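Trainee: I have a structure here, written as structure tokens, and I will follow up with some questions on it.
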Amino acid sequence: MKQRNDAEGAAGEVSITTTLLRTIGLVGLTLALAFLIRFVPFLSHGVQWVAGTDAWQALYSLFGIDTSLGREQLILIGIMLCCFFVALGVQTALVYFTARLKR
């Protein structure tokens, strides 16, 4: 069992409530970004452009996707992964800046 210094204290620990709120916020932000891609025309055109690139077409052959349903599913996976990573970056920046303001 790892021993903590009293000088460290509980400042480095994150509560379960905070973790739960961050998780809910991350999921909500990911879904909000996905909705933006669906309803903002220039974002959906960007997704169509990316899906038409040679690199994206190579993914179809790499994963052995031959059907249109498989292609749509791969595009959806790509959209959700991109939204998740953008949301994670936004949330990390918000947590960082709020911690800086509290100091």
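Trainee: Go ahead and run the numbers for FRET between LEU20 and ARG103, Cβ-Cβ distance against an R0 of 22 Å, rounding to 0.05.
Mentor: Values: r = 24 Å, r/R0 = 1.10.
After rounding to 0.05, the efficiency reads 0.35.
Trainee: In the chain, carbon and sulfur make up what percent of the accessible area (probe 1.4 Å)?
Mentor: 69 percent
Trainee: Quick check for you: with a 1.4 Å probe and neighbouring chains kept, what is the accessible area per residue of the chain, in Å²?
Mentor: Value returned for the chain: 82 Å² of accessible area per residue.
Trainee: Which angle between 0 and 90 degrees, to the nearest 10, do you get for helix 41-51 versus the longest principal axis of the chain when only C-alpha atoms count?
Mentor: 70 degrees
Trainee: Determine the dipole magnitude for the chain: charges of +1 sit on the beta-carbon of Lys and Arg, -1 on that of Asp and Glu, nothing else is charged, the reference point is the Cα centre, and the result goes in debye to the nearest 20. Don't skip to the answer; put the middle values down first.
Mentor: Working: 8 positive and 6 negative charges, 88 e Å.
My answer is approximately 420 debye.
Trainee: What do you get for Rg/Rh over the chain if you use C-alpha atoms and the Kirkwood form of Rh?
Mentor: Radius of gyration over Kirkwood radius for the chain works out to 1.17.
Trainee: Oh, and also: What does the extension gain come out to for THR53 and LEU76, with contour length at 0.36 nm per residue minus their alpha carbon separation?
Mentor: 6.7 nm
The values are calculated or read from the model by the stated rules, or taken from the named source; none is laboratory data. Predicted model, so just to flag it, every value in this text is computed and none were measured. In this analysis, Cβ positions are derived from the backbone assuming ideal geometry, glycine residues included, and neighbour counts consider all displayed protein chains. When the accessible area is computed, the model is the full protein with side chains, heavy atoms only, and any ligands, DNA or RNA have been set aside. Shrake-Rupley method; radii C 1.70, N 1.55, O 1.52, S 1.80 Å.
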